[in-house]
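The values are calculated or read from the model by the stated rules, or taken from the named source; none is laboratory data. Bear in mind the structure is a predicted one, so any value in this text is a computation, not a measurement. Counting neighbours? That spans all protein chains shown, and the Cβs are built from the backbone with ideal geometry, glycine included. For the accessible areas, the whole protein counts, side chains as well, though only heavy atoms, and no ligand, DNA or RNA atoms are used. Shrake-Rupley method; radii C 1.70, N 1.55, O 1.52, S 1.80 Å.
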Amino acid sequence: MPPHRRSPLLDALRSRDFRLLIAGLLVSNIGGWMQIFALGLLVVQIAAREGAPELAPFYLGLMGLARAVPGLALTLLAGAVADRMDRRLILLIAQSTMALSSAALAVVAFAGGATIPIVLAAAAIHSAAFAFDNPARQSMVPRLVPLPMLPSAIGMQSAVFNGASIIGPLLAGLLFIPIGIPGLLAVNAISFVAIIGALFLMRPLPPLATRGASLLASVAEGARYVRTNPTLVWVLVVSGTVFATVGPMGQLLPAVAGESLYNGVSWLSLLLTALGAGAFTGALFIMNVGRFRRLGRMFVAGAVVNGMGLVAFAMTSEPVVALVVAYVIGLSGTLMAGMGNNILQATTTDAYRGRVMSLWGFLFIGVMPVGQLALGVLGSLLGIHTSLFVGGAVALAAGVYAALRVPALVTWRSTRRPHLEAGEVVAPAAGVTTLK
C-alpha cells in the first residue's frame, strides 16, 4: 500500500512558535471583532443621541480617516524598522499599546463619556500601533515556517482572522443585551492577554541583514526594490484599489443595518457573520493552495468577483439575498488577499520583506480607511446603497483591467523555491518540529 500522505493544510503547525502565534491571534481576533461590532453600534448611537442619525455613515467614515492618518504616516517607516529589529519585540510593544488603548476606551464607555472625538482618538492610537504590528507579523512568518509550508501558514492566519470574524460578531450579538457596548469593549481588552503571553513564550527573531543605510534611506531603498518588480507593483495596485472600495463594506454595515429593512442589531450580526463565513471558506482554500500554481489567475478572479459581489449587494432589496452575497464577497476578497500575500512573500527576499509587507499593510491601514471615509461621505450624500454600488463598480473595473491588460500578473505561477539574491541563503525556520 502507498504511504499515507498528510494533507498540507496544517503543515505550518509543525512550528512551535507558529502554533503559539496562531493561538494567541485567534483569541485576540475574536475580541477584536467584538470591538468592531460594538464601535459600529456606538457610533450610530452617538449620531442618534446628537439628533442627527443621518450622519452615522459620515461618522463611520471619520473613523476610517482616524485610522488612515497614522497608517499613512508610519507604515512605511514601520516596514524599515521590521527589517532592522527583532520582529517579535515589535509585536510585543504594538500589541501592548493596542491593549491599553482598548482598556481605556472600555473604561470611558462604562462611565458613559464616549464621544466621537474619543472614539476617533482610540482608533488613531490603534492604527498607529497596528502600523508597526502588521509588517513585523507578516514578515516574521517565513522565519517561523519553511517556504513550502508558507501557503499553509498564510492560509491559517487568514482562517484564524476570518474564523474570528464569524465567532466575534455572533458572540457580540449574544452578549450585547446582557453586557452592552462597554462590556464588549472590555472583553476585547482582556483578549489581548492571549497574544501578549504567546509572544513572551516565542523565541527572539533578530534581523538577518546588517544595518546599513539610515531609516529613511532604507524606506527609499525598499521603494526602489518594489518599483523594479512589475509583479509586486501590480499586486499592490490592484489590491489597493479593491481594498479601498470593497474593504470598507464591513465598517459601513452598521449604516445598512440601521435601515428598517434589516431590523437593526440582529441583521448587523448576521451580515458580519456572513462576511466572515465566506472569508473563512476562502481561508481554508488558501491553506491548501500549495497544491496549485496559477496564483496570479486566482488573484485576478478574486478581484473581479469581489467587485461584482458588492455591486449585487448594493442593488438587492432582499435581506436573505444580501446574506448570500455577503458570503460571496467575504470568500472572494479573502481569496484575492491570500493570493496577493502569497505572491508578495514568494517574490521577496527576507532583507526587504518587512518593507514590502509594510506596503501591503499600508493598503489596510492607510488606503482602506481613506476609502471608508470617501464611501461614508458619499453614503451620507446619496445613500449608503449608492455609495456601495460605486465602490463595487470601481473594484470590478480594476479586476477586469488586470485580467485584460496585465498578463505578467495573470500568468504568475508559484514555485517551491524562494526568490534569492546573489549570495543570499535560506534562513532556517525557528521552532520547527517534526510531526510523525
Worksheet item: For the stretch 1-29, what are the residues that are of a type in the set (Lys, Arg) and at pLDDT 85 or above?
Response: ARG14, ARG16, ARG19
Discussion item. Among the residues of the stretch 55-67, are any in contact with a helix residue (DSSP H, G or I) (Cβ under 7 Å, 6 or more places away or on another chain), within 26 Å of LEU272 (Cβ to Cβ), among the aromatic types (Phe, Trp, Tyr) and surrounded by fewer than 22 Cβ atoms within 10 Å (Cβ to Cβ)?
Written reply: yes
Discussion item. For the stretch 307-330, give me each residue that is within 27 Å of GLN138 (Cα to Cα) and crowded, with 24+ Cβ neighbours inside 10 Å.
Written reply: GLY307, ALA326, ILE329, GLY330
Worksheet item: Between residues in the stretch 38-54 that are farther than 14 Å from GLY250 by Cα and residues that are of a type in the set (A, V, I, L, M) and not in a helix (DSSP H, G or I), which pairs lie under 8 Å by C-beta distance while being six or more apart or on different chains?
Response: LEU42/ALA114; ILE46/ALA114
Practice prompt. Give the residue that is nearest to LEU201 (Cα to Cα), with candidates limited to residues of the stretch 81-110 that are crowded, with 24+ Cβ neighbours inside 10 Å and at pLDDT below 90.
Written response: ALA82
Worksheet, complete the sentence: If we ask which residues in the stretch 318-351 are in a helix (DSSP H, G or I) and free of Cβ contacts under 8 Å to residues at least 40 places away in the same chain, their number turns out to be 3
Worksheet entry | Listing of helices (runs of 4 or more DSSP H) fully contained in the stretch 157-272 that carry 1 or more residues being modelled with pLDDT under 90, of a type in the set (Asp, Glu) and surrounded by fewer than 20 Cβ atoms within 10 Å (Cβ to Cβ) | 215-227
Worksheet item: Right, ALA128: small (Gly, Ala, Ser), in contact with a helix residue (DSSP H, G or I) (Cβ under 8 Å, 6 or more places away or on another chain) and part of a helix (DSSP H, G or I) or not?
Response: yes
Worksheet item: Is the stretch 29-41 home to any residue that is of a type in the set (A, V, I, L, M) and farther than 15 Å from PRO182 by Cα?
Response: yes
Worksheet, complete the sentence: Flagged in the stretch 366-389 as in contact (Cβ under 8 Å) with a residue 60 or more places away in the chain, open to solvent by 10 Å² or more (accessible area, probe 1.4 Å) and farther than 13 Å from GLY61 by Cβ, in numbering order, are VAL367, HIS385, THR386, PHE389
Worksheet item: What do you reckon, is ALA114 open to solvent by less than 30 Å² (accessible area, probe 1.4 Å), outside any helix (DSSP H, G or I), within 28 Å of LEU375 (Cα to Cα) and at pLDDT below 90?
Response: yes
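For (1) assigned to a helix (DSSP H, G or I); (2) of a type outside the set (A, V, I, L, M); (3) open to solvent by 40 Å² or more (accessible area, probe 1.4 Å), each residue gets a yes or a no:
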residue	(1), (2), (3)
PHE18	yes, yes, no
ALA23	yes, no, yes
ILE46	yes, no, no
PRO70	yes, yes, no
ALA73	yes, no, yes
